[in-house]
Each structure stands twice: as structure tokens, then as C-alpha cells.
Amino acid sequence: MPQDIYDKVMMLAKRRGFIYPSFEIYGGVAGFYDYGPLGSQLKNNVENLWRRFYLLKDNCIEINTPTITIYDVLEASGHVEEFTDLTVDCKKCKRSYKVEDIIDEDISVEQAVKKDEIKCPTCGKKLSDAHPVNLMFSTTIGIGEGRKAFLRPETAQGIFTNFHLLYRHNREKLPFGVIQVGKGYRNEISPRQGTLRQREFAMAEAEIFFDPNDKTHPNFNSIKEKELYLFDNDKEFKLTVQKAVDKKVINNQALAYYMYLTQDFLLTAGVDPKKFRFRKHASDELAHYATECWDVELFSERFGWIECVGIADRSAYDLSSHIDSSSTDMYAQRKFDEPKIINTKKIAAKMHVLGPLFKDKAGKVKDLLEKMDVKDATKISITLDGKTVDVPNKCYEIVETKEKLTGEKFVPHVIEPSCGIDRVLYFLLEHNYSDAKKKGEEYRILKLTSQMAPIKAGVFPLINDKKLVDIAKKIDNNLRNAGIATYYDDGGTIGRRYARMDEIGTPFCITVDHDTLKDNTVTVRERDTTKQERKDQDLLVEFLKDKTFF
RNA sequence: GCGGGUGUGGUGUAGCCUGGUAUCACAUAAGCUUGCCAAGUUUAUGACUCGGGUUCAAAUCCCGGCUCCCGCACCA
């Protein structure tokens, strides 16, 4: 069977310790993967590069919240509501029904569907097999009945539920961004496509909170002339960030800014620019919380264009929901340039008159009076215990007050770049995989960027001579102590050792040879060119830090 | 979840129909040899997806689970 690039990449990934199928000794289970030694390092590098963009470049703050999330939070966020129970679909009219809505409780669902006992209520055609649709993993907290909870389907809710604390932490200034990097869980019905669709996966999410009246971004000017790679469901095209906003291709500066930041991140990480594009969600494919969403799609030779990052404008959806459900004050304050003085006229009850007149009803009358509009104050009649009663003028007066308003409350809007780390990681492997024939044999190189590569340098003695071995081991040790990941190898021929390093993407190889004994230099071989250069071994730390650190 | 296909050392495979000690290559480890791009050589390690059944005997035949692949559905 001919192997496509997916097979080749996954074989390499398994053989060299990037990705293993989880629980393999028990037969494995779809949708779960382990990261091996090199995969874990690569994942760290991807996550840390992402952090560098959001935490440092964009000055966000980072938090960590539990992966187990109580029912209330996900109910408020709409995740519980969206899907429950089994559903059946009608292939004719494309409607979906909850099974419990259309069949008797006594028969099993499968039987009912198989025996054609249930038909589509709308068009009468046969229904598809029942399938479950709530994709959240559920669990309980505590023993016994416990408290209902889910494994989080996104990290975002942990940020939203802390908004009021984080807003204060940021000294009540907008905009500001909060990131979280961690695991998310979705109980996919039938995960395929390898690590591209997992049931437990790593995600890096940023929630940036904006004043809805001001969706500009402070760094916008620095990137406005950069080009975005866009796709309008018809053709691909490039547009500068500025033009995309001006032409309303992208709704606002903030969204456009984070699109560019994401593009910059992915291309820096080593995604092939020719296999990168932003695609805008059509209105009918938007998630329940989003008003506008752009996906980064990366191209896989086997799977086609795959969503890897979603950049959504979630508007005020989540914070509003949590304000309603939890009664927590999660509003932000917008200060007016100048305080607004508002003259108001109010009806003020004169209790010393009302009291004797209405006795025990006086309190009720007062409440009613003060709720009334001043315009109606010439002649007032109220409804008291079903009877209409006139209230004499002497019972109240019109009072003028001046209120000074320095600002107003509002619910911030959220821009959310949400990055699927595992997908990005897979694409780094696929986009950077190259195999060529070398003397008739397949020769594989993983052309990871120096910053992403799990191992920065291989360190070898040219031959297995103790004098050279000792120096090589010392160099290896020095580099690792300087924070540079290395791999020492003295097995097999030098060519074989280079090949082993090329296959896992190691950008540099350092070889100690006989000349090292004379002049303290070593050869530094570059992966992609295979060119060698002699360098003084004391300069290696500086050289490698310069080439491989973020 | 439905239908079809599939599964043999780390990787790729032969053997399965016709039941009887599992083939070959690469990789890995140790030694010799060589000394800047997977050379040679000797030796070693290592496999029948899992569970049942039939049989004196199962990689092989039968049943079921799981993985992966293809189609449908699903992917908020």
C-alpha cells in the first residue's frame, strides 16, 4: 500500500518518540494520543512560542483554572443547553429530533429505528440511527450523588468566571487580555484523522476584553501594512490589515489585529505560508456564542484544509450570561471625558401629610408616587386595592436634583483567539517533513525551525577515540548546562548520526575531530545545507543561543 | 453511531485460501573494521490486535471486542 505523507509523518512520529497512540498495550482507544520525549519538547516549544506572542508581545496575563467545571458554569455558557440526549436525523428534510420527544419510553431506541417504528414527524420518512450529541464528558464531584460537573470543553470559561477579579487586577483598564493554556475535552462521536481530532487535547486560548464602543488596538499601527492571507470561500487573496478593516472584510481593528498576531505566530513556528489561510465562518456555522469568526485553516495533503485556530468575536455573550446566572457584578466602567450633570425632577412624598390621610396604606402610596413620571404630577390618581383614589397635591412636592455621572457601566466584549496546539504540532511535522532519495535510500529530514526543534544540537566525536569522546562529552555537558538541549551520540558512522539528527529536526551537529585537539575548534554542521564550518568551541553557547532561542 | 475493509518483531513485509517449529529487509544493541553524511562484517534482542470457540494442533477456520482505513452521519 503506498504511503501518503500522513502515514510517513505518523510512522516517523511514533518511531522517533514524538507521538504514540495512548493505551496501546490494551488495544488503544480512538481520540487519545501520548506525546513521547521529543513530542513533549516540541509541544512545550509551541506553547511557549504562543505565550511569547500573547504574554510578552501583546502583554496579556496568564491564569490557570480547573479542567473539571461545575454544571452551573456550562449551563450559563450555553454548552449544556446546546446538546443533550440522543437525536435522530431525517435524511429527507434534514431535521433533527431528540429521541425522547418522538418515541414511547418502553421500546429501545435502536429497535424502534431498526423496525421503522418511528418516522419523521414532519415528512414521514425513515429516520437515521440514533446518535448521542452532547459532546461534553460528564462527571460528578464528591461521593454519592455528588455534584454534576463536566470536563471543560474549552478553557475560556475559567477566564470568564474570574473576569471581575482580573479586571481589578488590571486596575480597571480596558482593553486587556487573559490567556490560558491547558487541556480541553470533547467526547467526539467518531474521532478520526489521527491527532487532528482528539477527545482530550491541548488548547491555548486568549480572551481579550474590549469596550464595545472602542474595538481599536493600541498596537494596530505597527502591523497595519502587513498582509493577511484570506479566503472568501471562493478564492484566496491577500489584503493588508488596514485595508481589510477599511473595506469591512474584517469587522473591527481588534479582530484584525489578533488575526495578524496569529498568522505571525504560526508562520514563525514554521507553518508553510502556502498552506495557510483565514476563512470566515458563514452565519449558519457560527458557534452559539460568536458573532463573527475567522478560522485559520492549514492544508494537509491527506485531509485538506483543517481548522487549527478560531478567532471569534464573542461579543458580550459570556459575561452577560454569567452576570445573569450568578448575579455577580462583572460590568466594566466607562469614564466620561467630562462628568455629566443630569437634572432630574422627582416626586417626593410628604409623609407627614400622607400618614394621617392614608394610615396603614401610606407606605404603599409613597412607593407608587415615587415611581411615577413627573409629567403626570398635575393630577394624580392611583389604584389602591382595586379602587382608584385621588392623591391631593398637598401630599407631595416636585423636587429637583442634580446628579453627577462620571461614567457608565457596560459589559465588555471579547475577542477570542483559540488555538488547537495538537493540530498546530501535527502541521509542523507535516509541513516540515521532507524525504529525498540519497544513494537510492530514503532520507528523511524534518525541517523544523531552530526555535521549535526539540533538540538543538547533536554532539559527536568523529571517531570512537577516548580523547575525542572526552571532549565531546564535555561540550555536550556544557551546552546542556547553558540551557541548550543536546543529544550526544558516538554510535555508528558519522553519516548515520547526522541522519538520525536530521530525521528529528535537529538544526545543528557539532563534531569533535583530531583538529580539535590542536586548535580547540569543532565543526558545526547545518541540517538543511549540510555545510560545515569550524568554530572555536568556546563560542558554541553564544552561537546556539543566538540561533535557537526565541 | 451505521455499512465495508483491515490488523504478523520498532518499521515495512512473506506465510492465511489448503491448520502442523513464522520469511525477508531495514532499524536497534554489542564487537571488529572504517573515519565527515544511513558503507562492510559477526553476534544478539525482538512479532502473529485482544477475548472466546472448533481441533490432537490455530497467525491460518468460526464468533465477539478494539485499533486503523474508506463511505455516511457528527465536529457546538
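Coordinate-derived values only; no laboratory data. A quick note: this is a predicted structure, and the numbers were derived from the prediction, not measured. When we count neighbours, we look across all protein chains shown, and the Cβ atoms used for this are built from the backbone with ideal geometry, even at glycine.
Only helices enter this figure: runs of n ≥ 4 DSSP H residues, each worth -39500 (n - 2.57), summed and divided by the residues of chain A, yield -8500 deg cm²/dmol at 222 nm to the nearest 500. Structural descriptor for region A:145-291: relative contact order 18 percent, calculated from alpha carbon pairs under 8 angstrom and at least 6 residues apart.
Pairs from the table (A:224/A:531; A:224/A:335; A:235/A:456; A:438/A:518) lying more than 32 angstrom apart at Cα are A:224/A:531; A:235/A:456; A:438/A:518. Per residue, the convex hull around the alpha carbon atoms of chain A comes to 280 Å³. Using the alpha carbons alone, the radius of gyration of region A:336-408 stands to its Kirkwood radius in an Rg to Rh ratio of 1.11. Taking 20 °C and 1.002 mPa s as conditions, region A:455-548 diffuses translationally at an estimated 167 µm²/s according to Stokes-Einstein applied to its Kirkwood radius (Cα pairs). A DSSP coil position with no more than 12 other Cβ atoms inside 10 Å describes the following trypsin sites (Lys or Arg not before Pro) in region A:347-390: A:379. Report, in whole Å, the centroid distance computed from the Cα atoms of region A:438-505 and region A:404-436. For region A:438-505 versus region A:404-436, the Cα centre distance is 34 Å. Efficiency by 1/(1 + (r/R0)^6): what FRET value for residue A:162 and residue A:409, r their Cβ-Cβ distance, R0 = 25 Å, to the nearest 0.05? Computed FRET efficiency for residue A:162 and residue A:409 comes out at 0.85.
Working from Cα pairs under 8 Å separated by at least six residues, relative contact order for region A:417-469 is 20 percent. All C-alpha pair distances within region A:284-334, sorted into 10 Å bins from zero, spread as 22, 33, 26, 13, 7, 0 percent across the bins.
Counting only DSSP beta bridges with both residues in chain A, the antiparallel share comes to about 90 percent. Can you classify region A:136-233 as rounded, prolate or oblate using the Cα gyration tensor, where a ≥ b ≥ c are the square roots of its eigenvalues, rounded means a/c under 1.5, and otherwise it's prolate if a/b beats b/c and oblate if not? Oblate, because a/c is 1.5 or more while a/b does not exceed b/c. For residue A:512, the residues 5 or more places off, or on other chains, whose built amide H falls under 5 Å of its own are A:460, A:462.
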